[in-house]
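Heads up, the thing below is written out as structure tokens.
Read-outs throughout are calculated quantities, based only on the coordinates presented, and are distinct from any laboratory measurement. Not measured: the values here are computed from a predicted model. Cβ placement follows ideal geometry from the backbone for every residue including glycine, while neighbour counts extend to all protein chains displayed.
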Amino acid sequence: GYNYGLPMSTAPAQSRQAEEQRIKVCVRKRPLTCAESRRGEADVVTTTGGECVIVHEVKEAVDLSQYILQHKFYFDQVFGEESSNKEVYQQTAYPLVQHIGKVTCFAYGQTGAGKTHTMLGSPAIPGLYALAVQDIFAHLSATHSYQLVFVSFFEIYCGQLYDLLDHRKRLFAREDGQRVVHISGLRDVRVDSVSSLLEVISRGTAERTQGMSGVNPLSSRSHALLQIQLRDSNQQIAGRMWFVDLAGSERASDTKEPDRQSRMEGAEINQSLLALKECIRSLDQEQSHTPFRQSKLTQVLKDSFVGDSMTCMIANISPGHTATEHTLNTLRYADRVKELKRQGGLRGRRRNRGKTAASPKQNLFSSTTGST
Ligand code: ADP
Ligand code: MG
């Protein structure tokens, strides 16, 4: 048997969502922390019915009396505070891991909203990285596949790339003649078990926090990108998956930054998050309409916005009343990403397209596996 030291996934083998949706937008509310409860933070977010989230905003009238404004949003899926990483995984990344060759999963939200908890988790509560790799290994074993799993891990800070698996070595992304974006010198490491993946990731994460300075840790100001690649024995890429732990979205909206460096960081993050939104929105349009050159983040993820790729965004929100403004900003951002589906497509194009079935289906576990 295979002992990864992790509970096995119990998700259903088939998921309609992966068949039907190329862009899935979910919301995850975290519970109040003990510290927040102790200082009397009120929980102003309710989640109902699995698709709805309501923010109760406390407002002050002209006569200084207080009233509550309710903001209601609907998403593909809303995870309440009781949801576990495993549950979130099963509804978000798992369908992608099962079906698709080019998939990307984003964690968006203000600092402290639960992005890293969702993506990385902890030794006791594995996050999406580990759960995905666990399923990948389980599948490779079950199908006696010879495919190998490689990971790379880097961060984008102020528009520059740093290799987290190679002593924060500066990296450069460039487009080749075929308009494929390469990151030259990016280190990738072969992993052969979930525990070796976690080892590699914890090494990388340590590199991230080393740069910590000031009030905000560096990790809240940079995007962390984990890529998992499946390769055939002849080194051909058979499938790939990105997990992106985005920079804190509050930095995009905070205009009261104290110093020049922070304002620059904020502007850069703002730019990249706006570009990201537009790139996801244009997933179903022709390549020339994808504004991926507008930020380093979207440039390196270019492949995620063209062709038959699939994307899932998890918008993480804090429950506390002092976070209301940031929470609403996060929900509005996520709502914009999702808007296309409601309207039937930007400029009406998407309406005329078939569902994903129209594009050739690629499987993360490519033709060398599972066909017998
Ligand atoms: P971010 O990466 O968005 O800045 P973190 O993932 O570091 O936020 O979460 C902030 C704190 O909240 C951490 O202490 C984390 O353990 C806790 N936390 C986040 N999400 C959850 C959750 N779903 N359940 C329990 N604790 C959580
Ligand atoms: Mg984090």
Pairs over 21 Å Cα to Cα, from K115/K277; K72/K338; K59/K338; K24/K59; K102/K169, come to K59/K338; K24/K59; K102/K169
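Compute the Cα gyration tensor for region 96-186, then decide on rounded, prolate or oblate, letting a ≥ b ≥ c be the square roots of its eigenvalues: rounded whenever a/c is under 1.5, prolate when a/b is larger than b/c in the other cases, and oblate in all that remain. Could the numbers behind the result be given before it?
Working: a/c = 1.89, a/b = 1.16, b/c = 1.62.
It comes out oblate by the Cα gyration axes.
Under the rule a/c < 1.5 gives rounded, and otherwise a/b versus b/c splits prolate from oblate, where does region 127-243 land using the Cα gyration tensor?
oblate
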Any idea which of F73, V27, G49 is furthest toward the positive side of the dipole for region 21-127, if Lys and Arg beta-carbons carry +1 and Asp and Glu beta-carbons -1?
V27
Please label the shape of region 34-81 as rounded, prolate or oblate, based on the square roots a ≥ b ≥ c of the eigenvalues of the alpha-carbon gyration tensor (a/c under 1.5 means rounded; beyond that, a/b larger than b/c means prolate, else oblate).
oblate
Along the charge dipole of region 106-244, pointing to its positive end and built from +1/-1 on Cβ of Lys, Arg, Asp and Glu, which listed residue (L165, Y108, N234) has its Cα farthest out?
Y108
Could you please state, rounded to a whole Å, how far the C-alpha centre of region 111-130 is from the C-alpha centre of region 145-166?
18 Å
Sequence order, region 124-130: Karplus ³J(HN,Hα) from phi using 6.51 cos²θ - 1.76 cosθ + 1.60, θ = phi - 60°, Hz rounded, Gly and Pro as x, gives 7, 10, x, x, 4, 3, 5
How much length is gained if the chain between R203 and I237 is pulled fully straight, taking 0.36 nm per residue apart and subtracting their Cα-Cα distance, in nm to one decimal?
9.8 nm
Can you pull the one-decimal nm distance between simple spin-label points at D63 and A138, each 7 Å off the Cα toward Cβ?
6.0 nm
Within region 109-201: Cβ-based charge dipole about Cα centre, in debye rounded to nearest 20 (Lys, Arg +1; Asp, Glu -1)
240 debye
Diffing region 237-247: the Karplus 3J(HN,Hα) column from phi (6.51, -1.76, 1.60, θ = phi - 60°), in whole Hz with x for Gly and Pro, holds 7, 9, x, 8, 9, 10, 10, 10, 9, 6, 5
Between D335 and M264, what is 0.36 nm times their sequence separation minus the Cα-Cα distance? Round to one decimal in nm.
22.9 nm
